[in-house]
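Q: Structure provided below as structure tokens; questions to follow.
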Amino acid sequence: MTVEQLVGALNGSTNSAHDFSTVMNDAAITDLANFLKTGLVDPRQYIDYATGTPKNADANQGKSLYDGLCGDCHGLDGTTFNFASPEAPEFIGTLAVDNPQEFLHKARFGQPGSNPMMPSTFDLGWSIQNVVDVMAYAQTLPTGTEATAAPALPGTLGSGFSMIAALLAIGVLAVIMFFVIRVWSQRRR
Ligand code: HEC
């Protein structure tokens, strides 16, 4: 259908039983018709639903696109915005893994009402391949399910060990000094 035909199908002029003009104004109906005409895609073309991963994606390409735009707001590691709660965080990486279809859509058209307003890569002229590449990279970002305490543990233990080692070294040095001074002062007698 043309955009005009789609508008007609949505505002009831083609079929009075299919009239959305009571819930959407003319501008919204035109926006929706434009989306149906130029933006709607079948996500199965781009996402393997069995594995939840993007098809034919280049994560390296995705990284440079991500770092150049998305990372400004979401952070280079994707953890600046937590869409859920501190206890069960949901980052851009979480959504990329859990709901690649939603990721595809929002990365293309933005997040309405977000602050700062997330741009639409569709309006910026990105291809779907660009978005699919970004998705592949985003799936490698933290999802919040990583045991954040686990990596910290060896570090804490490590610094504990170096602390003990330092104290031991000081003690050993003190004992050596003690004997050196003793021997030295005995010799002088
Ligand atoms: C100007 C800042 C900005 C930029 C640039 C930006 N975003 Fe966002 N994005 C946001 C904000 C703000 C939210 C909503 C955060 C919230 O709800 O807490 C959001 C939400 C999202 C969501 C939806 C999360 C959900 O739970 O529904 C996805 C997916 C997303 N962004 C992906 C991207 C990708 C991919 C890019 C790069 C192509 C990008 N964003 C660039 C600001 C930005």
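Q: Surrounded by 14 or more Cβ atoms within 10 Å (Cβ to Cβ), more than 13 Å from A138 (Cα to Cα) and not small (G, A, S) - does that describe any residue in the stretch 55-67?
A: Checking the stretch 55-67: not a single residue is surrounded by 14 or more Cβ atoms within 10 Å (Cβ to Cβ), more than 13 Å from A138 (Cα to Cα) and not small (G, A, S).
Q: Can you confirm whether the stretch 6-21 contains a residue that is without any contact (Cβ under 8 Å) to a residue 12 or more places away in the chain and closer than 17 Å to F122 by Cβ?
A: No - not one qualifying residue is present in the stretch 6-21.
Q: Report yes if some residue within the stretch 154-168 is under 30 Å from L40 (Cα atoms) and either touching a Lys or Arg at 6+ places or on another chain (Cβ under 8 Å) or at pLDDT below 95 (or both); otherwise report no.
A: No - not one qualifying residue is present in the stretch 154-168.
Q: Given D58, D133, D77, D72, which one is among the acidic types (D, E) and either without any contact (Cβ under 8 Å) to a residue 40 or more places away in the chain or under 25 Å from V3 (Cβ atoms) (or both)?
A: Of D58, D133, D77, D72, the one residue that is among the acidic types (D, E) and either without any contact (Cβ under 8 Å) to a residue 40 or more places away in the chain or under 25 Å from V3 (Cβ atoms) (or both) is D72.
Q: Please find, within the stretch 72-123, the residue that is nearest to G52 (Cα to Cα) out of those that are within 8 Å of the ligand (Cβ to nearest atom), surrounded by 15 or more Cβ atoms within 10 Å (Cβ to Cβ) and among the small types (G, A, S).
A: Among residues in the stretch 72-123 that are within 8 Å of the ligand (Cβ to nearest atom), surrounded by 15 or more Cβ atoms within 10 Å (Cβ to Cβ) and among the small types (G, A, S), the one nearest to G52 (Cα to Cα) is A96.
Q: Could you list all residues from the stretch 10-54 that are surrounded by 12 or more Cβ atoms within 10 Å (Cβ to Cβ), within 32 Å of the chain's Cα centre (by Cα), of a type outside the set (A, V, I, L, M) and outside any loop (DSSP other than H, G, I, E, B)?
A: Those that are surrounded by 12 or more Cβ atoms within 10 Å (Cβ to Cβ), within 32 Å of the chain's Cα centre (by Cα), of a type outside the set (A, V, I, L, M) and outside any loop (DSSP other than H, G, I, E, B): T30, D31, N34, F35, K37, G39, P43, D48, T53, P54.
Q: Would you check if there is a residue in the stretch 34-50 being touching an Asp or Glu at 6+ places or on another chain (Cβ under 6 Å), in contact (Cβ under 8 Å) with a residue 12 or more places away in the chain and within 16 Å of the ligand (Cβ to nearest atom)?
A: no
The values are calculated or read from the model by the stated rules, or taken from the named source; none is laboratory data. Quick caveat: nothing in here was measured; it's all calculated off a predicted structure. Don't worry about glycine lacking a Cβ; one is built from the backbone with ideal geometry, like all the others, and counts go over all protein chains shown.
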